[in-house]
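First the structure, in the form of structure tokens, and then the observations on it.
The values are calculated or read from the model by the stated rules, or taken from the named source; none is laboratory data. Because the structure is predicted, anything quoted here is derived from the model rather than measured. Neighbour counts run over all protein chains shown; Cβ positions are idealised from the backbone, glycine included.
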Amino acid sequence: MQKFFILFFSLFITSHFYAQEATAAKNVSSFEIFAPELNVQKKIWVYLPLDYDTSDKKYPVMYMHDAQNLFDKKTAFAGEWEVDETLNKMNAQIIVIGIEHGNEKRLDELTPFKNEKYGGGNGDNYLNFIIKTLKPKVDSVYRTKSNKKNTAIFGSSLGGLLSFYAVVKHPEVFGKAGVFSPSFWFNNKMYTLMENAEKTKAQIYFLAGDKESETMVADLKKMQTLLDRNRCECLKLTKTVIIEGGEHNEKLWKENFAKAVQWLF
């Protein structure tokens with residue numbers, strides 16, 4: 001189920017998305033930016049806290065993948081996460097930067113290593129876009145706390161895989177990660193990277209459902225074991241949640257998003 005969802009999602013035709021009525025909150029906006037690292041124009045969604053316009057505070061920033069699915073039913077593949085409604089109810093004091101996936105290029109962008117059958121492997125260029133082009137733009141336009149302690153990266157499925165990769169590969173940039181339903185099956189090099197990594201000091205929130213696939217929970221626990229060897233468990237930097245009956249879909253991620261944000265921030 002997990003692999004079917006990932007591959008079907010990555011190849012899905014975007015014309016399907018526009019049958020729904022728009023549901024994004026008023027404090028969600030968007031802009032476009034050219035990504036030279038990917039040679040493509042990217043649409044970026046921006047969630048600002050409810051008090052952003054009436055304060056002079058600076059805010060932590062969370063970068064999220066698959067922005068089409070985060071804020072608006074009109075653009076969502078299989079239901080939205082309701083990130084804006086959830087954060088508004090929480091009166092969350094964070095900025096969220098949602099990056100639209102590249103449709104047929106999604107699989108390529110969100111995978112750090114190639115899969116023999118499915119390809120991919122352009123994740124480093126995608127992360128370089130965030131680090132070298134997008135983040136400087138965001139930090140110049142919005143009132144952000146730009147250090148690694150206040151910079152998170154968050155995603156599900158392939159986005160969960162890449163978010164974990166980001167905090168291991170770029171600890172100088174990302175100090176927190178939300179890792180939902182990570183596709184660690186895509187290439188075993190992710191485990192090798194973790195085995196050889198410098199000590200990982202990032203906060204990491206893992207989540208998976210026990211009905212996602214036959215290997216999802218086992219793969220996640222394998223990675224957590226390697227992570228625990230990398231750093232002392234006593235630091236309490238990792239939280240792992242396994243949802244009984246949880247399947248590989250937006251429902252699982254939407255229902256558990258708030259608790260992940262609360263723990264990370």
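Observations on the structure shown:
- For segment 208-236, filtered to residues that are surrounded by fewer than 17 Cβ atoms within 10 Å (Cβ to Cβ) and closer than 22 Å to T151 by Cβ, the residue that is modelled with the highest pLDDT is N230.
- Subset of segment 101-150 (residues that are assigned to a helix (DSSP H, G or I), in contact with a His (Cβ under 8 Å, 6 or more places away or on another chain) and among the hydrophobic types (A, V, I, L, M, F, W, C)): L127, I131
- Looking only at segment 231-260, residues that are in contact with a helix residue (DSSP H, G or I) (Cβ under 7 Å, 6 or more places away or on another chain) and in a helix (DSSP H, G or I) come to 3 in all.
- Of all residues in segment 244-251, none satisfies being surrounded by fewer than 18 Cβ atoms within 10 Å (Cβ to Cβ) and either among the aromatic types (F, W, Y) or within 24 Å of D108 (Cβ to Cβ) (or both).
- The residues of segment 70-111 that are over 22 Å from E32 (Cα atoms) and among the polar types (S, T, N, Q), listed by number, are T86, N88, N91, Q93, T111.
- Top-ranked residue of segment 182-201 - restricted to ones that are of a type in the set (D, E, K, R) and outside any loop (DSSP other than H, G, I, E, B), ranked as farthest from N230 (Cα to Cα): K189
- Neighbours by Cβ (under 6 Å, 6+ apart or cross-chain): first from segment 159-185, closer than 17 Å to F257 by Cβ; second of a type in the set (D, E, K, R) and part of a loop (DSSP other than H, G, I, E, B): G159/D66; S181/E212
- Count of residues meeting criterion [surrounded by fewer than 24 Cβ atoms within 10 Å (Cβ to Cβ), under 18 Å from D108 (Cα atoms) and among the aliphatic types (A, V, I, L, M)] in segment 155-189: 0
- Taking each residue of segment 103-118 that is charged (D, E, K, R) and looking for partners that are loosely packed, with under 15 Cβ neighbours inside 10 Å with beta-carbon atoms closer than 8 Å, six or more apart or interchain, yields E104/L11; K105/V40; D108/G119.
- Restricting attention to segment 190-207 and to residues that are under 20 Å from the mean Cα position of the chain (by Cα) and surrounded by fewer than 18 Cβ atoms within 10 Å (Cβ to Cβ), the residue that is farthest from L162 (Cα to Cα) turns out to be K201.
- Any chance Q41 is part of a loop (DSSP other than H, G, I, E, B) and either buried (at least 16 other Cβ atoms within 10 Å of the Cβ) or not aliphatic (A, V, I, L, M) (or both): no
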